[in-house]
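Report on one structure; see the data block that follows.
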2 protein chains.
Amino acid sequence: MYVIAVYDVAAERTPKMLKLCRRYLHWIQNSVFEGELSELQIKELELDAKKIMDESHDSLILFKSRHFHYMEKQLVGKSLNDTDSFL
Amino acid sequence: MYVIAVYDVAAERTPKMLKLCRRYLHWIQNSVFEGELSELQIKELELDAKKIMDESHDSLILFKSRHFHYMEKQLVGKSLNDTDSFL
């Protein structure tokens with residue numbers, strides 16, 4: 001499945017979440033990632049994320065689309081991935 | 001169209017971008033918004049965003065899906081929209 005993941009976690013947990021998401025997906029902006037994952041990988045990502053997150057404070061949203069061609073991505077401004085500055 | 005918008009702009013331009021995105025979409029997390037927009041509204045949002053953004057530094061990504069039911073949204077952790085803390 002094509003997955004877009006966006007997280008909002010406290011600063012002290014950001015490095016771990018970033019590392020986790022990068023293991024499964026491609027970083028595209030700020031705390032936003034995308035990629036192709038199987039249902040099993042999505043489940044693994046969710047479980048690993050829960051180990052890092054404080055679920056009363058942090059959140060992770062996964063937008064899932066069965067086929068990438070159902071989604072169109074439009075960029076305004078600076079192109080993706082050409083910077084090392086991220087949260 | 002069902003639209004997910006995520007922006008990454010410098011702190012001094014964040015309030016304006018937030019206000020703009022809220023005019024068109026529903027805020028769901030951090031700098032992430034979603035909603036139904038026509039092609040014309042998407043164009044308007046893009047043009048308005050460009051007036052705010054420094055395109056050499058900031059970025060806005062629009063993920064567009066023709067039908068909402070092609071997308072599934074999964075939340076891990078804190079539920080959406082129950083906080084006023086956003087970037």
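Derivation of every value follows stated rules applied to the coordinates shown; laboratory data play no part. None of the values given here were measured: they were computed from a predicted structure. Neighbour counts are summed over all protein chains in view; Cβ atoms, including those assigned to glycine, are modelled from backbone coordinates with ideal geometry.
The table below lists the values:
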item: Label distances, nm, A:LEU75 versus same residue in remaining copies, Cβ-directed 7 Å point; result: 3.0
item: For chain B, built as a Gaussian network whose Cα springs stay under 10 Å, the top-fluctuating residue of B:LEU25, B:LEU75, B:LEU47; result: B:LEU75
item: Exam field: A:ALA11 pseudo-label spacings to other copies (7 Å along Cα-Cβ), nanometres; result: 0.9
item: Placed amide H near B:GLY35: partners under 5 Å, 5+ positions off or other chain; result: B:VAL3, B:HIS26
item: Under the Karplus curve 6.51 cos²θ - 1.76 cosθ + 1.60, θ = phi - 60°, whole-Hz ³J(HN,Hα) for segment B:38-46, x wherever Gly or Pro sits; result: 7, 4, 5, 5, 4, 4, 4, 4, 4
item: Axis-nearest residue of B (beta carbon) for the B-onto-A rotation, whole Å; result: B:TYR70, 2
item: Average Cα contact separation per residue, chain A, under 8 Å, 6 or more apart, as relative contact order %; result: 44 percent
item: Calculated P(r) tail over 25 Å for the protein assembly as shown, as whole % of Cα pairs; result: 28 percent
item: Global form of chain B, assessed from the alpha-carbon gyration tensor, a/c cut-off 1.5; result: oblate
item: Peptide-level mean, for B:49-61, of C-beta atoms on other protein chains within 10 Å; result: 4
